[in-house]
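Nothing in this text is a laboratory measurement; each read-out follows from the coordinates by a stated rule. Just so you know, these numbers come straight off a predicted model, no measurement behind them. Cβ placement follows ideal geometry from the backbone for every residue including glycine, while neighbour counts extend to all protein chains displayed.
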Amino acid sequence: MRAVKRRIIAIALALCLPLGGCAALLEQSYVVVEPHAEHPVIGEDPSTLRAGSYSELVSAVLYLVSQCMEEGTIQLVDYEGDVGADLNAACLEVASEDPLGAYAVEFIKNEYTRILSTCEASITISYRRAPEQIRSLVNVTGATAIRREMGDALMDFSPELALRVGYFTGDKQSIAQLVRQAYYDTPGAALGMPEFTVELYPDRGSQRVVEIVLTYPQEPETLRRKSAELSDAARAALIPMSTQQFSQGRRVELLLEQLPEIIRWNDAPYEDGARRCTAWDALVGEGADHEGLALALQLLCSQLELECAVTEGTLDGSPHFWNTLILNGEEFQVDLTLEEYKVLRSGVELAQMGYDWDERPEIEEAAEQIHPE
């Protein structure tokens with residue numbers, strides 16, 4: 001009993017913590033209390049549900065939504081509440097307060113007939129989402145899971161991603177930050193930051209559906225082709241280093257020595273004003289700026305199983321990108337735009353040179369992608 005009390009207290013304390021940014025999504029163990037049964041009682045007819053209380057009524061309506069059914073029948077046997085009022089309340093609760101209903105449902109109508117002690121309710125549901133969208137919802141918990149799912153969507157150049165997030169206490173801004181981080185987690189598909197919108201269903205609550213709609217700078221087929229070219233170029237460049245076994249330190253030394261023959265630096269924009277800011281520009285195209293160089297180095301490091309992440313910050317007050325690298329548990333900074341880029345510098349040294357950045361757990365999450373559990 002004491003263990004149960006300690007767990008309840010721990011959860012209560014966690015919910016009281018002021019969380020912001022990507023930390024607003026709890027990463028620790030939790031308990032979800034669902035107010036509705038997952039499988040409502042089925043009547044004699046398999047297409048008919050049964051409910052004896054308000055919670056069972058809500059559960060039955062939600063079940064119809066989860067099955068993408070446009071019509072359904074619910075038998076209320078020996079129901080003691082106000083049938084008409086409870087039906088309206090249950091339909092409204094599912095359509096506006098439940099994450100799935102708020103995301104998928106346009107409206108729900110109901111009517112009922114009474115036969116002795118039994119009422120038979122007819123439910124009609126109009127959807128704003130296609131059945132495929134509803135069934136493809138992914139259940140996740142925590143910032144790392146959202147970021148990973150977002151990375152998978154970016155790798156496939158998917159136009160949208162919908163996630164049902166447990167114990168959500170963040171906002172649209174925290175999700176937008178995770179989208180940006182996921183973009184820099186996937187250098188092989190980071191071919192131009194997509195425009196995106198974030199919507200939350202419902203507007204508030206501890207559990208919500210997060211919908212992210214993405215618009216890419218080029219057609220998905222073009223981006224997939226460029227991604228394949230980039231992958232081939234990275235593999236070809238690393239052949240001399242991948243055929244032998246080297247320590248982490250030696251792999252880094254060899255990579256930095258070979259970089260002038262592998263990547264190209266070109267911070268002049270394209271004729272249309274677009275920046276050369278992708279790993280494709282650095283490895284396949286005519287050269288990349290500081291952002292493209294950082295993405296290229298991260299891509300090469302990931303293929304050599306080196307823990308590396310793109311770091312976004314400023315240099316003398318101007319936006320700038322470079323890399324954070326971990327060797328034998330020690331963190332180093334690498335900026336390929338520096339003349340002496342082969343020198344691995346500490347964060348303190350970089351700060352003294354005019355660099356500034358927010359401390360974020362990017363390395364740990366990048367390492368999880370290199371060495372998944």
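Here are some notes:
- Computed label-point distance, nm, for sites E229 and N328 using a 7 Å Cα→Cβ extension: 4.1 nm
- Backbone geometry of region 299-310 corresponds, through the Karplus equation with coefficients 6.51, -1.76 and 1.60 at θ = phi - 60°, to 3J(HN,Hα) couplings of 4, 5, 5, 4, 6, 9, 6, 9, 7, 8, 9, 7 Hz, x marking Gly and Pro.
- Net length available on complete extension from D356 to E271 is 27.5 nm, with 0.36 nm assigned per residue and the Cα-Cα distance removed.
- Likely footprinting exposure, C277, C68, C119, fewest C-beta neighbours within 10 Å first: C68, C119, C277
- Given charges at beta-carbon only (K, R positive; D, E negative), |dipole| of region 220-370 in Debye: 600 debye
- With N the number of residues in region 220-370, Rg(Cα) / (2.2 N^0.38 Å) evaluates to 1.02.
- Descending by average beta-carbon neighbour count within 10 Å, the peptides 106-113, 144-151 line up as 144-151, 106-113, the highest first.
- Each of D272, D281, D171, D289 has some number of other Cβ atoms within 10 Å of its Cβ, and from fewest to most they run D272, D171, D289, D281.
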